[in-house]
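Undergrad: Handing you a structure now.
The values are calculated or read from the model by the stated rules, or taken from the named source; none is laboratory data. Owing to the predicted nature of the structure, the values given are computational and were not obtained by experimental measurement. So basically every Cβ, Gly included, is an ideal-geometry build from the backbone, and we count neighbours across all protein chains shown. Only protein heavy atoms, including side chains, enter the accessible area calculation; ligands, DNA and RNA are left aside. Shrake-Rupley method; radii C 1.70, N 1.55, O 1.52, S 1.80 Å.
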Amino acid sequence: MEYAIVFLPLVGSLISGFFGKRIGDKYTQILASTLVAVAAILSISIFYKVLSHDYSSNKLIFNWISSGNFVVNWSVKIDSLTSVMLVVVTLISSIIHFYSIGYMNNDPHKPRFMAYLSLFTFAMLTLVTADNFLQLFFGWEGVGLCSYLLIGFWYKKMSANSAAIKAFIVNRVGDFGFAIGIFLIFFYYGTVNYSEVFQKTPELIMQTVNFMGAEFNLINLVCILLFIGSMGKSAQILLHTWLPDAMEGPTPVSALIHAATMVTAGVFLVVRCSPIFEYSQLALNIVAIVGMATAFFAATVALVQNDIKKIIAYSTCSQLGYMFFAAGIGAYHVAIFHLFTHAFFKALLFLGAGCVIHSFREEQDINLMGGVWKKIPYTYALMIIGTLALTGFPFLSGFYSKDAIIEFAYLKGSAVGYCAVFVGIFTAFLTAIYSWRLIFKTFHGKFNNKKNNLSTIHDSALIMLIPSAILAFGAIISGVVFKKLFIGNETNFWEGSILFLEPIKYLHPPQWIIFMTPFIVTATIPAAYYLFAKDNKILKNLVLKNKFFYNFLLNKWYFDELYNFIFVEPTKKIGLFFWQRGDVNTIDKYGPDGISRIVKILSNKVVNFQSGYLYHYAFVMLVGLSILLTYLILY
Amino acid sequence: MNFPILSAIIFIPLIGALFIFLTKGSQKSIEKNSKYVAVFSSIANFFLSLFLWYSFDSSVSTFQFIEEKNWINGFINFKLGVDGISILFILLTTFIAPICIFSGINSIKFKIKDFFIAILVMETLMLGVFCSLDLVIFYLFFEGGLIPMFLIIGIWGGPKRVYSAFKFFLFTLLGSVLMLVAIISIYWITGTTDVIKLLNIKIAQEYQYLLWLAFFSSFAVKLPMWPFHTWLPDAHVEAPTAGSVILAAILLKMAGYGFIRFSLGLFPIASDYFTPLIFTLSVIAIIYTSLVALMQDDMKKLIAYSSVAHMGFVTIGIFSLTKQGLEGSIIQMISHGLISAALFLCVGVVYDRYQSRMISSYGGLVNVMPKYALVFMIFVLAALGLPGTSGFVGEFLILVGVFQKNILVAVLASFGIILVAAYMLWLYRRVVFGRIGSNEIKTMLDLNRTEIYIFASLAFLTIFLGIYPEPLLNTVDVSINNLIDKYETDINLNLTKTNN
């Protein structure tokens, strides 16, 4: 059964990729979607088995690499953490497969799209079921590849191609750290298998690494390097620039890869490695701080963006920040709980946005929408549910997970913890503003679109609405239903897969903490309605007065420009310099070309000797003879 | 004495070449017959080498299938034999040779008979390099390879072929002359050129350094290492596709093989002494040539530069002298043999159709050549070391090995994996994606049947070895262990000697 979960999507992918044209679009789509749906059903049954019987297993498929003591296997490992990820990945993936049937209706390359989606699912499943760091890395780069392929799916668009390459390369920067982390682990642990690494960690806490004359603590270094990998994949600040650009891909891709699953791989990695991170307070603090910085940064940028998908992308970035700082304060289970609920409501928001874009015929600018909520009531309802869940409106899923993060941060009692409480609440407030701005600008106010007639705007097809409705259902109930299991007081669900060095405190934080966030996010709704739908003069004035600040946010804190200036342009210049100055004008000039020039000059000189005049030759002979004689006489 | 299988493998191509040479008749029948002979002899040879691999016993470290013929009395023995390391290169050679012949059938338009002869002679010489167990024999095969390659570039090459051919010839000859001197002095010092005997004789320390440098000069040019690499891009650019394939897939590997077999085997103390030099040059090669590759506007030059970077990984792996590093570099060489061959074939495909190697001439090929786009994508990904392809296994093992010896080198070399992604994907985007650049591209045909078979076999191996490299690793395992053991005893012996 475990094998089936992992390999069914691969089978679907290969069939749609190689035989899609022969089978026909319709059947390819149905086949690929069904295979993933079967995997989803199997995953749920595994999850149930883990839940009820504490099931765990580690099945070896075959040996991958064995070189000396470097031995790595292909395997399928199931434990509670994996089972949750299996459900998230296969469930959301199958929903999105079905949604894509509708969304890609007018695209000529349906089989290829399905092949990529299923391949992605397969790679993501190998990532979560790995029992060693190398297979994790395989899945890690595999999902990166699929992300690259899907962002650049519309290959005629130059911007899509650039975004795809950017995503791959920024991720490679993260993977660079990750790979060095793996080398380091192998060097000191002599293995890359989770179980052995985790077991050995307590013995190695005092181990130091000497690098360029400086001493580093091994565990700190390993954790930080692994976290650099996570930052790339989960688009944390500094390595986040690819995620907004990734919105060039088709919307179902954004929902599946760039919201629900792939980008959470970084969080998964940190949680999976909790048995190492628990021994490195420094790394945990870095994780928490980077998470907070990202949560705050991305939320501020989301406030002023105008592209509907980019707003949601920055929102994803921000929510991933929440997950990281939850992990950073040691509340790994809460991080996974937020990952779980986030997968539903964020995928829902993207699918909703996809429906909106579909209704407006490929329009993505929210300034060019508005006033259509009566025309597309189902889409509107879906988006409202997603937004309520995201902002943490009471009793929807986000409410439980986000509040739990803030509560755990408070209970942590450390400086970082209190800081996290503050950032968490303030970011929740920002989240509410930008989310409702999106809703009110998209659905309320005046109809601002010139390309489309209001009367032609209508809801999307059922094949798109039904999958979204399933997600909406998940976004509503996933919090209340799974709260007890994931983060409840008596839960022992995580035993064996997450390590908590100090037992979690289940005290209750003060009442004001619990009520603060829901109160703020609820109060924001009417305020946002007033500002964005009713009277936008106040906002215009605000923008005019703070032009610099507004531009700063609009240009995403100028990260792209900065990177272009620091990395991209100099790299090209250095490359050109090495080529022209180094290869052509130094090595070749003084190497082969130089030698051949010298030979030519010399031979031209030597040629002069052969003048053909007898007295020249006689003279040379005479000179030679006299030198020889002199030599013989003297020595 | 059993059937002399190694001699058979070496000389079957030569016999094929002889048959082609002797074919007579009309132009058409000559072409047809020589084609059949070339295809048949190279494929038969591939199966024979598979049989060799099958009968090879990978559990012992000694040389197997040894053949010995007295050639010049008391001086040179024609001695052949293989161990776990060389057998893989034999397989690579016999696998690539038919591919070159098929590629020639597709794209060589004149003197095709002579072309087949050149390729087959080339194959014989390359196989001889990997089989020979006598330094003089090795040298003859090693240098002999220059001549057919020189002709392939010089006759079937591009417009600047003469300059490139001479540059190639001069560079490689210059290095190898020094190696010849070294081989002669080895004979003076030890009284033998038999490799097996030499591996067990400890050459005195004071000679080792100079001898090592002489061998190094030959291998460093051929590999090529920075700064001896500038002949490679020129040679590739002007060479016909099949020539580039042989050059990248096999000729470069002879140097890597030489480093493992001779530099490490015969001069362990000097190898240990010069390791920092190798590490420095290799790291420079990886970063420098990757940056240069980024800025190329000629596809073949770009891939040539990327070869230099990939071979930089090979040398750091070899001189890390760790199990993972050495096995990684062997995998990397085999895998680069497949991947670079495929990439040059990919360039050849569009060159045959559009007569341009410039990146800017293309764009939007995916619209008219979807199969080609897929194939090219697979090899671009393999070249950038995506897990699941053989390129990853090699690179990763090398880095794991090097990390144990020198963290800084491993970290700097890992930078290469970012740059390689940048230049390969950028190349792919400019050639394959986007809108169709010109009207001529609209009429370009997708891969034909032969091309599909060639690429499918290369792609299959690349992915198979990426997921299951065990067949290769098992074959070299014992030989590598033996090599490392011997190396370490020599170094330790020397250490205790100097301490006393």
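Undergrad: Can you tell me how many residues in the stretch B:58-91 are open to solvent by 70 Å² or more (accessible area, probe 1.4 Å), in a loop (DSSP other than H, G, I, E, B) and either among the aromatic types (Phe, Trp, Tyr) or out of contact with any helix residue (DSSP H, G or I) (no Cβ under 7 Å at 6 or more places or on another chain) (or both)?
TA: Residues in the stretch B:58-91 being open to solvent by 70 Å² or more (accessible area, probe 1.4 Å), in a loop (DSSP other than H, G, I, E, B) and either among the aromatic types (Phe, Trp, Tyr) or out of contact with any helix residue (DSSP H, G or I) (no Cβ under 7 Å at 6 or more places or on another chain) (or both): 3 in total.
Undergrad: While we're looking at this one, here's another question. When you scan the stretch B:179-189, do you find a residue that is under 21 Å from B:ILE260 (Cβ atoms), touching a residue at least 60 places away in the same chain (Cβ under 8 Å) and open to solvent by less than 10 Å² (accessible area, probe 1.4 Å), even just one?
TA: yes
Undergrad: Could you list all residues from the stretch B:431-446 that are at the interface with another protein chain (Cβ under 9 Å from one of its Cβ atoms) and assigned to a helix (DSSP H, G or I)?
TA: B:VAL432
Undergrad: Moving on. Mind checking which residues of the stretch A:352-381 are open to solvent by less than 30 Å² (accessible area, probe 1.4 Å) and aromatic (Phe, Trp, Tyr)?
TA: Across the stretch A:352-381, the qualifying residue is only A:PHE360.
Undergrad: Can you run down the residue pairs with Cβ atoms below 7 Å, 6 or more apart or on separate chains, where the first is in the stretch A:267-281 and open to solvent by less than 10 Å² (accessible area, probe 1.4 Å) and the partner is not in a helix (DSSP H, G or I)?
TA: These pairs meet every condition: A:VAL267/A:SER234; A:VAL271/A:ILE498; A:SER274/A:ILE498; A:SER274/A:LEU499.
Undergrad: Pick out the one residue from A:ALA246, A:ALA260 that is modelled with pLDDT under 90, open to solvent by less than 10 Å² (accessible area, probe 1.4 Å) and farther than 19 Å from A:ALA283 by Cβ.
TA: A:ALA260
Undergrad: Quick one: in the stretch A:150-161, which of the residues that are open to solvent by less than 10 Å² (accessible area, probe 1.4 Å) and part of a helix (DSSP H, G or I) is farthest from the other protein chains (Cβ to nearest Cβ)?
TA: Looking at the filtered set, the residue picked out is A:LEU150.
Undergrad: Suppose we keep only residues that are facing chain A (nearest Cβ under 10 Å) and more than 19 Å from the chain's Cα centre (by Cα) within the stretch B:448-479. Which one would you say is surrounded by the most Cβ atoms within 10 Å (Cβ to Cβ)?
TA: B:ASP477
Undergrad: In addition: Evaluate the following for A:SER195: is it in a helix (DSSP H, G or I), of a type in the set (Gly, Ala, Ser) and more than 30 Å from A:SER315 (Cα to Cα)?
TA: Numbers: in a helix (DSSP H, G or I): yes; of a type in the set (Gly, Ala, Ser): yes; more than 30 Å from A:SER315 (Cα to Cα): yes.
Criteria met by A:SER195.
Undergrad: Where in the stretch A:234-338 are there helices (runs of 4 or more DSSP H), lying wholly inside it, with at least 1 residues that are over 17 Å from A:GLY354 (Cβ atoms)?
TA: A:242-245, A:265-272, A:274-277, A:281-304, A:308-328
Undergrad: Would you mind telling me which numbered condition in (1) hydroxyl-bearing (Ser, Thr, Tyr); (2) surrounded by fewer than 23 Cβ atoms within 10 Å (Cβ to Cβ); (3) more than 10 Å from chain B (Cβ to nearest Cβ); (4) closer than 26 Å to A:ILE237 by Cα A:SER147 fails?
TA: The single condition A:SER147 does not satisfy is (2).
Undergrad: Which one of the conditions (1) of a type in the set (D, E, K, R); (2) away from every other protein chain (no Cβ under 14 Å); (3) within 18 Å of the chain's Cα centre (by Cα) does B:ASP234 fail to meet, given that it meets all the rest?
TA: Result: B:ASP234 fails condition (2) only.
Undergrad: Would you pick out the residues in the stretch B:145-165 that are within 13 Å of chain A (Cβ to nearest Cβ) and crowded, with 18+ Cβ neighbours inside 10 Å?
TA: Result: B:SER164, B:ALA165.
Undergrad: Moving to a separate point now. Could you please let me know if B:LEU281 is part of a helix (DSSP H, G or I), open to solvent by 10 Å² or more (accessible area, probe 1.4 Å) and within 14 Å of chain A (Cβ to nearest Cβ)?
TA: Working: part of a helix (DSSP H, G or I): yes; open to solvent by 10 Å² or more (accessible area, probe 1.4 Å): yes; within 14 Å of chain A (Cβ to nearest Cβ): yes.
So B:LEU281 passes the test.
Undergrad: Within the stretch A:1-31, which residues are under 25 Å from the mean Cα position of the chain (by Cα), among the aliphatic types (A, V, I, L, M) and closer than 19 Å to B:PRO370 by Cβ?
TA: If the condition is that a residue be under 25 Å from the mean Cα position of the chain (by Cα), among the aliphatic types (A, V, I, L, M) and closer than 19 Å to B:PRO370 by Cβ, then A:LEU14 is the only one that fits.
Undergrad: So, one more: Within the stretch A:162-185, restricting attention to residues that are farther than 15 Å from A:VAL253 by Cβ and within 7 Å of chain B (Cβ to nearest Cβ), which residue is surrounded by the most Cβ atoms within 10 Å (Cβ to Cβ)?
TA: My answer is A:ALA179.
Undergrad: Within the bounds of the stretch B:301-315, is there any residue that is without any contact (Cβ under 8 Å) to a residue 12 or more places away in the chain and within 14 Å of chain A (Cβ to nearest Cβ)?
TA: no
Undergrad: Need the failing condition index for B:ASN106 against (1) more than 17 Å from B:ALA341 (Cα to Cα); (2) open to solvent by 10 Å² or more (accessible area, probe 1.4 Å), just the number.
TA: Status for B:ASN106: all satisfied but (1).
Undergrad: Same structure, new question: Under 7 Å between Cβ atoms, which residue pairs at least 6 apart in sequence (or on different chains) link something in the stretch B:419-436 that is within 16 Å of A:SER159 (Cα to Cα) and in contact (Cβ under 8 Å) with a residue 24 or more places away in the chain with a partner that is of a type in the set (S, T, N, Q) and open to solvent by less than 30 Å² (accessible area, probe 1.4 Å)?
TA: B:PHE433/A:ASN161; B:GLY434/A:ASN161
Undergrad: Filter the stretch A:439-497 for residues that are surrounded by fewer than 16 Cβ atoms within 10 Å (Cβ to Cβ), at pLDDT 90 or above and not aliphatic (A, V, I, L, M) and give the result.
TA: Across the stretch A:439-497, the qualifying residue is only A:PHE473.
Undergrad: For the stretch B:177-204, what are the residues that are of a type in the set (S, T, N, Q) and either farther than 24 Å from B:ALA220 by Cβ or at pLDDT below 90 (or both)?
TA: Hits for the stretch B:177-204 are B:THR190, B:THR192, B:THR193, B:ASN200.
Undergrad: Applying the selection to the stretch A:525-543, what residues are surrounded by 12 or more Cβ atoms within 10 Å (Cβ to Cβ) and in a helix (DSSP H, G or I)?
TA: Selection gives A:ILE525, A:ALA527, A:ALA528, A:TYR529, A:TYR530, A:LEU531, A:PHE532, A:ALA533, A:LYS534, A:LEU539, A:LEU542, A:VAL543.
Undergrad: Next question, about the same structure. Looking at A:ASN58, A:ASN73, A:ASN63, which is the one that is of a type outside the set (Lys, Arg) and free of Cβ contacts under 8 Å to residues at least 24 places away in the same chain?
TA: A:ASN63
Undergrad: Has the stretch B:316-333 got any residue that is touching a residue at least 40 places away in the same chain (Cβ under 8 Å), within 22 Å of A:ILE587 (Cα to Cα), more than 10 Å from chain A (Cβ to nearest Cβ) and buried (at least 24 other Cβ atoms within 10 Å of the Cβ)?
TA: no
Undergrad: While we're here: Just to be sure I understand the filter: pairs with C-beta atoms under 8 Å, separated by 6 or more residues or on different chains, first member in the stretch B:458-473 and hydrophobic (A, V, I, L, M, F, W, C), second member surrounded by fewer than 19 Cβ atoms within 10 Å (Cβ to Cβ). Which pairs pass?
TA: Qualifying pairs under 8 Å: B:LEU465/B:PRO471; B:LEU473/A:SER66.
Results for (1) open to solvent by 10 Å² or more (accessible area, probe 1.4 Å); (2) more than 9 Å from chain A (Cβ to nearest Cβ), shown as yes or no for each residue.
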residue	(1), (2)
B:ALA373	no, no
B:PHE379	no, yes
B:ALA382	no, yes
B:SER390	no, yes
B:VAL393	no, no
B:ILE398	no, yes
B:VAL409	yes, yes
B:ALA413	no, yes
B:ILE418	yes, no
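Undergrad: Follow-up. Could you list, in sequence order, all residues of the stretch A:122-144 that are among the polar types (S, T, N, Q) and within 11 Å of another protein chain (Cβ to nearest Cβ)?
TA: Result: A:THR126, A:GLN135.
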